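K.L.:
Following this message is one structure expressed as structure tokens.
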Amino acid sequence: MSADTRPRPAGSFGRARHSFREWRGQRPFWGGLWTLLAGIPIMYIPYQTMTLGDLHIRMATTAGAGSLIIGVLLIVLGLTLWFQKQSRIFAGVAAILLALVSLVVSNFGAFLIGFLLALIGGALGVSWAPGKPVAEAEDPEGGPVPRADTPPSGLSLLKDSDGGHSAA
């Protein structure tokens, strides 16, 4: 058993949390979340009626249908980033383009809230890359090869008592 082995959670909540963390780590989760959240204000705000005292301000415009379509597409692209990680580049680029279109169509991208969320989510979706597992390499003599980020066992970077550096 290695030092990195973690005990498995015993409770059902702990197991569910652990499996969610594994699922989240294998896909562009945060890009999908931000893209999904971007669709909500873009879709909702153009149909909202604001009330200031006795004054009712209706935000619905002729582009309300366009806002609805952009919002639904951003939600679908967010879900695509979660469940179809192979198409993350397409979904990320499409989210960025829809964010730019929402500036014109949907009240400045639903007052820049949905616009910024979609830009960040699309950028995270495009930039995500699956991680590669680290394999233990073996020395021809049978022992494990030290990793590149750790110094060899005989070297120390501590200062000597006279202020100089020692390599022993």
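The values are calculated or read from the model by the stated rules, or taken from the named source; none is laboratory data. Just so you know, these numbers come straight off a predicted model, no measurement behind them. Positions of Cβ are generated from backbone atoms using ideal geometry, with glycine treated the same way; all protein chains shown enter the neighbour counts. Keep in mind that these areas ignore ligands, DNA and RNA; they rest on the heavy atoms of the full protein, side chains included. Shrake-Rupley method; radii C 1.70, N 1.55, O 1.52, S 1.80 Å.
K.L.:
Which whole-number value in Å² is the accessible area per residue of region 10-122, probe 1.4 Å?
P.N.:
Details: 6480 Å² over 113 residues.
Computed with neighbouring chains in place, this is 57 Å² per residue.
K.L.:
Over region 18-98, what lengths in whole Å, largest first, do the semi-axes of the equivalent ellipsoid take, defined as the square roots of 5 times the eigenvalues of the alpha-carbon gyration tensor?
P.N.:
Numbers: eigenvalues 205, 44, 10 Å².
Largest first, region 18-98 gives 32, 15, 7 Å.
K.L.:
While we're here: Please sort 83-92, 34-43 by packing, taking for each peptide the average over its residues of neighbouring beta carbons within 10 angstrom, highest first.
P.N.:
Working: 83-92: 16.8, 34-43: 25.8.
So the order, starting with the most tightly packed, is 34-43, 83-92.
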